[in-house]
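Read the structure below first, then the notes.
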Amino acid sequence: MPDSPSEPRAPLDGYDLDGYDLAVIGAGPAGTAGAVAAAGLGLSVALLDAADRPGGQYFRGTASSTPQGGAAFAALRARMATSRVDHLAAHHVWSVTRDGEDAWSVHALTGPDGDGGEPVRVRARAVLLAAGAQERQLPFPGWTLPGVVGAGGAQAMLKSGLVLPGKRVVVAGSGPLLLAVASSLAAAGARVPAVVEASGYLGYARHPRALAVNPHKALEAAYHGGALLRRRVPVRTRSAVTRVHGTDRVEAVTVTRLDRDWRPVPGTGRRIACDALAVGHGLEPRIELATGLGCATRRTPDGTDALVVNGFQETTVPGLWAAGETAGVGGWQLAWSEGELAAVAAAVRLSGRVGPAVSERLRALRRRRDRLRSFADAMAAAHAPGKGWTDWLTDDTDVCRCEEVTAGRVREAVADLGARDARTVKLLTRAGMGWCQGRVCGTAVSCLAAGGTAPGSVPPTPARRPFAVPVPLGALAALDEGEGGESTGVAGLGRCGAAGPGGQGPYVLGEFADRTLDGVGTRGGQGAAATGLRDSRAPYGQSAPEAQRPSSPPPFGIRDASGPGAVGVHEPRDPVVPVQRRGTRGPGTPGGQRPPAPDGREPAQPARPAEPGRSEPSRPGGPEAPAPPVD
Amino acid sequence: MARRRAPGVPHDTAAFDISFDGRPVRALPGQTIAAALWGAGVVAWRTTRVGGRPRGAFCGIGQCYDCLATVNGEPNRRACLVAARPGDAVTTQEGNGRAGLAV
Ligand SMILES: Cc1cc2nc3c(=O)[nH]c(=O)nc-3n(C[C@H](O)[C@H](O)[C@H](O)COP(=O)(O)OP(=O)(O)OC[C@H]3O[C@@H](n4cnc5c(N)ncnc54)[C@H](O)[C@@H]3O)c2cc1C
Ligand code: FES
């Protein structure tokens, strides 16, 4: 009911799914390959994804043009349907907690937009985080006008919904994805008057080895480049869209040349008529579920934060593995290899045994992973944002889209009030405090807070976003019941939440958890000696684990529902059950029932505790997941 | 209004209607509400709380919350995630979408 925020809410019923060996978060190429590989080695696997079908960002939808690798992914999906993977579709994971050694809980909400209101807890002995990435955005005047859309977002909408944001679409920003997006938009019938790339492509040439050992990657770029040439799409490098024109929607953009540091060169602006702009500046790993647990992060060559993983894709928190874009952006083939590698390594860890076949498989996967990773790093370095990009901003440019905080106000907080980091700016201006919790503006706010003084282009974004999705309070409160053990962080949160101002704020957003999840993070940090799998190589990079960084006092726990930024009361609804496929489970039935198994199996027992020997990964001739088609 | 649809997509006889601010909008099975609206040339279905500025889908993948719409009377649904169903009534969401409360 939209206008009665303080009405008592029906308690939320939820259900537990216990007894899995491995919980995989994200059903993109990384998570799906990992789930199938783990099941092939005898593990019971729960694969949770917010979407209603597997595929992630790349293998999304049913677009008529099958993407490269589409057939291989279809085969993988078919394998999954007959495997022991329980695919939990439309499950939005908002928290992961460590309950003890080899004991994890993954907390999710169901429904197409996490609005089913039904909390689900999946318990597993290990967790593989494969949550992918989101687009990085750098603001510019006019970027909030309707018709300006994320480049990857336009691609996603085209793949899944077969629609375009306009008829004449300028594609701008930076990164290899832009060429792919422009070529799909053009193939779908849009006119693309220009592709505008802030860097250039010559940077790739500085990494001849990475290119040489990844010829398929070079071919991919050539393929998109060729498609654009055929369609006479001009590609302007070292340029950026510095203004969008229009009152209620896009009418034109100004494209300006940039210097080496991405500063606009005065007097070089050219106006291009268009009715939409697809823009993005590379991808950022979605790592908030892991940083909330204290996993260390590393700076990637293009200035994003990715999880530190060892040679077997394990994060710095033992038992929590990461694969795909969460461990650093690198494309679907790399994601696939990493997912499989992580799953095989986790199976070895859980069973305590490794046979010759599995050793050889691990070696081969690591070789492939390392080769692809070298290319990813070369690409990333070529598209790292220059520090002069903030010169695009006028004082009235909105930086935080949710809270409508302008660059002028952020600069004021920095220059006049002494803010030096994104967290302080947030407290002073509300930038990053809205719905998206700073996902969209985080990079921009950090750059502005650093005041252009940072030698690197993008300063670290220390803001923690422990909740991956806004969570109705009822879900937290429900967790509290019967939640024993060590998950005090979240259970405590539920209690605090219920005692919040009037109990009426329907959502708890991230800041609150700064206080409560820290304990979970520290508990998670066991010594590396606990690792059964020894890795001879150093991790890719280091940074202090998030949980060890000093954190400022938590500002606001629960937002008053009538205050700015508050959202409507969250009424539990009948969950929408997505298309059921074999091995795919939608959100559960209401009323605390566990979801019926599609094949009529006893629903309460989705997985049994491991039988002795069942997890033995080194069975000769045991089923193996198909290898990613990258060789 | 002319639909913008990728060529090569067969005409789907199972297309159905939803409504946007009272006028009919065609949707294809499997399309999200945001996709159906884009297909009808609509790119804004929300106004912001502070500036009253129009907004629509931005990230397309459920991350930015710019695409919030009121669907069948319920505010704050992410239109890029929620599938369109026959007869859905989508209305422009103003501010925080809660009628009767000052913002
Ligand atoms: C918007 C966008 C568009 C892209 N388009 C292309 C393209 O056209 N071509 C190309 O080569 N590459 C594209 N990429 C890059 C592409 O994502 C990667 O190369 C590849 O898909 C990475 O695979 P992954 O398994 O690591 O992650 P993804 O494929 O991103 O899969 C991650 C999955 O995790 C799920 N997930 C994340 N968080 C949660 C959570 N909290 N709860 C539940 N589920 C969750 C997501 O729903 C998603 O299905 C795109 C990326 C983005 C962000
Ligand atoms: S468009 Fe970003 S959440 Fe829907």
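The values are calculated or read from the model by the stated rules, or taken from the named source; none is laboratory data. Because the structure is predicted, anything quoted here is derived from the model rather than measured. Cβ placement follows ideal geometry from the backbone for every residue including glycine, while neighbour counts extend to all protein chains displayed. Side chains are part of the model used for accessible areas, which takes the heavy atoms of the whole protein and leaves out ligands, DNA and RNA. Shrake-Rupley method; radii C 1.70, N 1.55, O 1.52, S 1.80 Å.
The table below gives the values:
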| read-out | value |
| --- | --- |
| Normalised contact order of the stretch A:385-457, rounded percent, pairs of Cα under 8 Å and 6 or more residues apart | 35 percent |
| Calculated SAXS-style log₁₀ I(q)/I(0) at q = 0.11 Å⁻¹ - the stretch B:16-94, Debye, Cα scatterers | -0.22 |
| Percent of Cα pairs exceeding the 19 Å cut-off, where the set is the stretch A:52-198 | 64 percent |
| Using a Förster distance of 60 Å, the FRET efficiency for A:THR82-A:ASP261 (Cβ separation, nearest 0.05) | 0.65 |
| The stretch B:16-94 - percent relative contact order, Cα under 8 Å, separation 6 or more | 36 percent |
| Order of exposure, largest accessible area first, which applies to B:ILE61, B:ILE33 with probe 1.4 Å | B:ILE61, B:ILE33 |
| The stretch A:193-200 - phi-based ³J(HN,Hα) in whole Hz, Karplus 6.51/-1.76/1.60, Gly and Pro as x | x, 6, 9, 10, 10, 6, 9, x |
| Alpha carbon centroid spacing (whole Å) that separates the stretch A:363-407 from the stretch B:39-80 | 25 Å |
| Most to least accessible of A:TYR58, A:TYR15 (protein chains only, probe 1.4 Å) | A:TYR58, A:TYR15 |
| Charge dipole (debye, nearest 20) of the stretch A:16-129; +1 at Cβ of Lys and Arg, -1 at Cβ of Asp and Glu | 460 debye |
| Per-residue HN-Hα couplings for the stretch A:71-79 [Karplus 6.51, -1.76, 1.60; θ = phi - 60°; Hz; x = Gly/Pro] | 5, 5, 5, 4, 5, 5, 5, 5, 4 |
